[in-house]
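The values are calculated or read from the model by the stated rules, or taken from the named source; none is laboratory data. All of these numbers come straight from a predicted model, not from anything done at the bench. Ideal geometry is used to build each Cβ from the backbone, glycine not excepted, and the neighbour counts take in all protein chains shown.
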Amino acid sequence: MNCKMLFLIVLGTLLWQISTARATHYDVFLLAGQSNMDGRGRVKDLTGALAPYAQPRPDILIHFSAGGLHRPLTVSDGFQPLQPGFSGTPGNKPHALPTGTFGPEVSFGAALAEALPGKHILLVKFAEGGTSLRSDWNPNEKGKLYEHFIQFVQATQKMIQAKGDTCAIRGMAWHQGESDAGQAAGKYQAALTELIARVRSDLDMKDLPFVIGQVFDNGKRTTVIADEKATAKTVPHTGFADATGLETADHGTHFTAASQIELGNRLAREMVLLLQNPAPTP
């Protein structure tokens, strides 16, 4: 081997090492569901002890889409620092971000950053209010939310790779079910079980940690809540974040700002437990 060839090999190795050292690895967490995941907590209510949550978090990124199935699409301009306002509240103009409302992602992201020091957290949030699992989120319905959700997640992965960075999807949080109240017992459990299986299959992550957030109990959702709990008990590596003690701003459906913050913390707590107890290797 002549000196010129050796020089080129050494130079190439150094350039590769520099490139690798500069690359960022993202720990990605998915959030999906309907209006309480999209969020109806009011940003203006983040005062007092909640005031820190009103501030942007440049150390945590979010990529957001409000679905666009039943109303104009609202989507973030690429990856943005996490802050309140990534919500597709009805009546908002397309791309009018940040809005005046927020969901559990604000405290969920903050809690994960605290639990996973040194990690680059990226939240991928895809949610649309008033949508059902039996139809809108049904994995077998072409052209609807589930298909768009998977495409959005995959597009996020490609965006990361195009920057020369890497990523790993670490878990998913789900809050939905209000639009499926009234079904016979077991219907929602079967649909949610299939959703979890399809997400894990389509993203090629058979043990993806999955946390179910309980819908608010207004006395008319007992069947859905029972099915949520049953799913968490029967589907491996699945957690459940209850809504006990949380409050709503509209007589029984949408959580207040304080309760959205608490919901995000509960979802994160369950997620961390799943991460600390990974599924056994077969």
Among the residues of the stretch 241-265, count how many are in a loop (DSSP other than H, G, I, E, B) and not acidic (Asp, Glu).
10
Does the stretch 137-147 contain at least one residue that is surrounded by 15 or more Cβ atoms within 10 Å (Cβ to Cβ) and under 22 Å from residue 79 (Cβ atoms)?
yes
Among the residues of the stretch 233-282, how many are farther than 21 Å from residue 179 by Cα, among the hydroxyl-bearing types (Ser, Thr, Tyr) and without any contact (Cβ under 8 Å) to a residue 40 or more places away in the chain?
1
Filtering the stretch 215-271 down to residues that are within 22 Å of residue 99 (Cβ to Cβ) and exposed (fewer than 15 other Cβ atoms within 10 Å of the Cβ) yields 247, 250
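Residue by residue, here is whether (1) hydroxyl-bearing (Ser, Thr, Tyr); (2) surrounded by 24 or more Cβ atoms within 10 Å (Cβ to Cβ); (3) in contact (Cβ under 8 Å) with a residue 24 or more places away in the chain holds:
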site: 73; (1), (2), (3): no, no, no
site: 78; (1), (2), (3): no, no, yes
site: 89; (1), (2), (3): yes, no, yes
site: 96; (1), (2), (3): no, no, no
site: 113; (1), (2), (3): no, no, yes
site: 119; (1), (2), (3): no, no, yes
site: 130; (1), (2), (3): no, no, yes
Can you name the number of the only condition in (1) among the β-branched types (Val, Ile, Thr); (2) over 14 Å from residue 108 (Cα atoms); (3) modelled with pLDDT of 95 or more that residue 74 fails?
(3)
Per the filter on the stretch 28-71, residues free of Cβ contacts under 8 Å to residues at least 40 places away in the same chain and of a type in the set (Gly, Ala, Ser) are 48, 49, 51, 54
